[in-house]
Amino acid sequence: QVQLVESGGGLVQAGGSLRLSCAASGRTLSGYAMGWFRQAPGKEREFVAGISWLSDNTGYADSVKGRFTISRDNAKNTVYLQMNSLKPEDTAVYYCAANYRSAYRTSQAGYTYWGQGTQVTVSS
């Protein structure tokens, strides 16, 4: 069993930055691909970014490409999402997810473990 806890969310003005963290406990993230998803009010949860177990492959939604960067520190059992040039439309609850396979997936169904989420609010 893997427990995931997100942190780093908050209120920021448009154009600002935040770094989200996802800390894992209960089991090492060895062998797990990781993903970040988000869900805005009234919308479905959507893929934001993914990273393979060895960090040799990353992927992003078109809406965040060039602004967000996913990374991981396997020694610390933590995954990060650096968010720059934030826009009001980035406002959502952000979730991290773990998937026991080397490659990340862009669909929610590809993930077994989920965190509780952290709120990101971007004001205009």
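Please treat every number below as a calculation from the coordinates, not as lab data. A quick note: this is a predicted structure, and the numbers were derived from the prediction, not measured. Please note: Cβ atoms are built from the backbone with ideal geometry, for glycine as well, and neighbour counts cover all protein chains shown.
Springs between Cα atoms under 10 Å define the GNM used for the chain, and in it the highest mean-square fluctuation of Val79, Val12, Val48 occurs at Val12.
Of all DSSP bridge pairs formed entirely within the chain, close to 90 percent run antiparallel.
Working from label points 7 Å from Cα in the Cα-to-Cβ sense, the Gln1 to Gln108 distance is 2.2 nm.
When the convex hull of the Cα atoms of the chain is projected onto a plane and the area is averaged over all directions, what value comes out in nm²? Don't skip to the answer; put the middle values down first.
Numbers: hull surface 26.9 nm².
Directional mean of the projected Cα hull area for the chain stands at 6.7 nm².
Taken about its Cα centre, the chain carries a charge dipole of about 140 debye when Lys and Arg each add +1 at the Cβ and Asp and Glu each add -1 at the Cβ.
How many Å³ per residue does the convex hull of the Cα positions in region 1-73 occupy?
Numbers: hull volume 8.5 nm³, N = 73.
That works out to 117 Å³ per residue.
For region 68-113, the orientation-averaged shadow of the C-alpha convex hull comes to 4.1 nm² (one quarter of the hull surface).
Which of the peptides 110-120, 29-39, 58-68 is most tightly packed, and how do the rest follow, judged by the mean count of other Cβ atoms within 10 Å per residue? Please report the intermediate quantities before stating the final value.
Values: 110-120: 17.7, 29-39: 21.9, 58-68: 14.5.
Highest to lowest by the protection proxy: 29-39, 110-120, 58-68.
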